[in-house]
Amino acid sequence: MIQKTRPPLLQAQDVGDKMETLMMHPVLKAFVCGSISGTCSTLLFQPLDLLKTRLQTLKPSINGSGHVGMVALFIRVVRTESLLGLWKGVSPSFARCIPGVGIYFSTLYKMKQYFLSDRSPTALESVFLGVSSRTVAGVCMLPITVVKTRCESGKYGYESVYGALRNIYRTEGARGLFCGLTATLLRDAPFSGIYLMFYTQTKKVMPQDQFDPALTPLMNFSCGIFAGILASLGTQPADVIKTHMQLTPEKYRWTGQTIALIFKDYGLVGFFRGGVPRALRRTLMAAMAWTLYEQMMAKMGLKS
């Protein structure tokens, strides 16, 4: 029996059709939209992340009062490391945020499609969706987060993200790549849950039918600002704990010990160091990312 083979041209056309179908998959669209929004917000607000990291790890004896403000630190960085020094650590930030934000939004989109069937989530459901999506993204991108934190601190001379990952694995093992995992999840998962809850509930309260459609991005951004401030305040201590564990893993080995040492060295106020630049960055970054994401998803004909 003679088996007929399809002409190469038709075979190539089939492959092209499959690739086009894959590229048009809604989850992939959500990933691309999230990655683009994460890229823009990361580049714009990286200086605030660097200032936050530096403020959290300053020793109490830096000056007489033991306090260094954000503006003073900003001036110091510019004077000693140039204006571009404010973007130190931007490479690992890109390596983390571009896929990380994409993973977050695509996971969130898939879960909403699976659990909610095109209806708006309740407040509790928003918390669950935000926590779950951020946990997936946080675990996947934690090694890059470790590199990013160390580069921002100015205490490590890594030449590239890959070189840093290799160096950490060689000297500290897999534990070094995932140090601060608990603190990171205690920071990111609640932040995303609280943020998504306030964001979705605030949008429900806003009378959207009374607004000009051209003002929708501004309305979304305003809702994001409100949600980001509340979420940042509630998760600041976990961020401080995470930073110390990732910068000095030989000293801060586990979460409970780190809490005790921070309290001993810095007092209760130590858990809120770097709160202002972090709140500014997380709030503005999340608001911008969500605004861009929803606008791009709408352009693609998808409900975010």
Completion exercise
Counting Lys and Arg as +1 and Asp and Glu as -1 over every other residue whose Cβ sits under 12 Å from the Cβ of Phe105, the net charge comes to +3
Completion exercise
With every protein chain kept in place and a 1.4 Å probe, the residues Leu186, Leu177, Leu230 fall, from largest accessible area down, as Leu186, Leu230, Leu177
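Find the Cα radius of gyration of the range 190-304, compare it with 2.2 N^0.38 Å by division, and give the number to two decimals. Walk me through the numbers on the way to the answer.
Numbers: Rg = 18.0 Å, N = 115, 2.2 N^0.38 = 13.4 Å.
Compactness ratio reported: 1.35.
What helices in the chain pass both tests, a Cα length along the helix axis of 30 Å or more and a mean Kyte hydropathy of -0.5 or higher, using whole DSSP H runs?
Result, helices passing both filters: 26-57, 90-115, 123-153, 181-205, 216-247, 275-299.
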Handout entry: Mean separation of Cα contacts under 8 Å, 6 or more apart, over the residue count of the range 209-304: relative contact order %
Key = 41 percent
Problem - Between the range 240-264 and the range 189-204, the alpha-carbon center distance in angstrom - result: 28 Å
Completion exercise
Calculated from DSSP helices alone, with each H run of at least 4 adding -39500 (n - 2.57) and the total divided by the residues of the chain, [θ]222 nm to the nearest 500 comes to -26500 deg cm²/dmol
Completion exercise
Distribution output for the range 122-274: share of Cα-Cα pairs per 5 Å bin in percent, first bin at 0, values 1, 9, 15, 17, 16, 14, 11, 7, 5, 3, 1, 0
Exercise for the section: Using a 10 angstrom cutoff on alpha carbons, build the Gaussian network for the chain and name the most mobile of Phe115, Phe221, Phe31. Expected result: Phe115
Problem - Average Cα contact separation per residue, the chain, under 8 Å, 6 or more apart, as relative contact order % - result: 25 percent
Exercise for the section: Report the residue, chosen from Thr184, Thr107, Thr80, that carries the largest GNM mean-square fluctuation when the chain is represented by alpha-carbon nodes joined by springs under 10 Å. Expected result: Thr80
Handout entry: Local electrostatic count at Asp118 - Lys and Arg +1, Asp and Glu -1, tallied over other residues with Cβ under 13 Å
Key = +3
Exercise for the section: Return the single residue from Gly89, Gly154, Gly274 with maximal mean-square fluctuation; model: Gaussian network over the chain, springs between Cα atoms under 10 Å. Expected result: Gly154
Exercise for the section: Can you check what the net charge comes to around Val276, using other residues whose Cβ is under 15 Å from the Cβ of Val276 (Lys, Arg +1; Asp, Glu -1)? Expected result: +4
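Using the alpha carbons of the range 120-202, what is the convex hull volume per residue in cubic angstrom, as a whole number? Write down the numbers at each step before the final one.
Values: hull volume 8.2 nm³, N = 83.
Per-residue hull volume (Cα only) is 99 Å³.
Provide the gained length on full extension for the span Gln295 to Ser160, in nm with one decimal, where the gain is 0.36 nm per separating residue minus the Cα-Cα distance.
Value of the extension gain: 45.2 nm.
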Exercise for the section: Go through Ser222, Ser37, Ser132 and list them by solvent-accessible area, largest first, probe radius 1.4 Å. Expected result: Ser222, Ser132, Ser37
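The values are calculated or read from the model by the stated rules, or taken from the named source; none is laboratory data. Everything numeric in this text was worked out from a predicted model, so none of it was measured. Reconstructed Cβ throughout: ideal geometry from the backbone, glycine too, with neighbour counts over all protein chains shown. The area values use the complete protein model at the heavy-atom level, side chains included, leaving out ligands, DNA and RNA. Shrake-Rupley method; radii C 1.70, N 1.55, O 1.52, S 1.80 Å.
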